[in-house]
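Just below is one structure, and these are the notes that go with it.
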Amino acid sequence: MQQAILSGRLAPGTKLPSSRTLAVDLGIARNTVLHVYDQLTAEGYVESTTGSGTYVADTAPGDTTARRPAGTRAAVADKPSATSRRGA
């Protein structure tokens, strides 16, 4: 899965199959799939939200450029946020 993400076969924002579905499709234990998803999340390749699913992350680990598909736009602040001068 990591190689599919890095090569672009799994595009940013792609929803991955549920752990149960993938385990059945591959004929492996669900715990194995959960471990892989946890590892990919920890390494920054995917983002996971309980109840919503697991999605390919918008940026690759160590990548400073966004990998969003053309036509989508990330929320970016126009100006840096103001910080308190207190204690400065």
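Things worth noting here:
- Lone unmet requirement of (1) assigned to a helix (DSSP H, G or I); (2) under 17 Å from ASP58 (Cβ atoms); (3) of a type outside the set (Ser, Thr, Tyr) for ASN31: (2)
- Cβ-Cβ distances below 7 Å connect the following pairs, each with a first residue in region 41-57 that is without any contact (Cβ under 8 Å) to a residue 24 or more places away in the chain, a second residue that is among the aliphatic types (A, V, I, L, M) and crowded, with 16+ Cβ neighbours inside 10 Å, and a separation of six or more residues or different chains: GLY44/ALA57; GLU47/ALA57.
- Taken together, the criteria place PRO12 among residues that are surrounded by 13 or more Cβ atoms within 10 Å (Cβ to Cβ), touching an Asp or Glu at 6+ places or on another chain (Cβ under 8 Å), in contact (Cβ under 8 Å) with a residue 24 or more places away in the chain and at negative phi.
- Extreme residue, modelled with the lowest pLDDT, among residues of region 43-65 that are polar (S, T, N, Q) and in contact with a helix residue (DSSP H, G or I) (Cβ under 9 Å, 6 or more places away or on another chain): SER48
- Taken over region 17-37, the criterion of being exposed (fewer than 14 other Cβ atoms within 10 Å of the Cβ) and either at pLDDT below 95 or over 19 Å from GLY51 (Cβ atoms) (or both) is satisfied by VAL24, ASP25, LEU26, GLY27, ILE28, ALA29, ASN31, THR32, HIS35.
- Only listed residue being of a type in the set (D, E, K, R), modelled with pLDDT under 50 and within 12 Å of GLY13 (Cβ to Cβ), chosen from ARG73, ARG68: ARG68
- Residues of region 1-28 that are assigned to a helix (DSSP H, G or I) and within 22 Å of PRO61 (Cα to Cα): GLN2, GLN3, ALA4, ILE5, LEU6, SER7.
- Every residue from region 25-56 that is touching a Gly at 6+ places or on another chain (Cβ under 7 Å) and of a type in the set (A, V, I, L, M): VAL56
- Annotation: of all residues in region 25-47 being polar (S, T, N, Q) and within 20 Å of LEU6 (Cβ to Cβ), the one that is nearest to the chain's Cα centre (by Cα) is THR41.
- Residues that are among the hydroxyl-bearing types (Ser, Thr, Tyr) and under 13 Å from the mean Cα position of the chain (by Cα) within region 1-24 comprise just one, THR14.
The values are calculated or read from the model by the stated rules, or taken from the named source; none is laboratory data. This structure is a prediction, so every number in the text was calculated from the model and none was measured. Methodologically, a virtual Cβ is constructed for each residue, glycine included, from the backbone with ideal geometry; neighbour enumeration extends over all protein chains shown.
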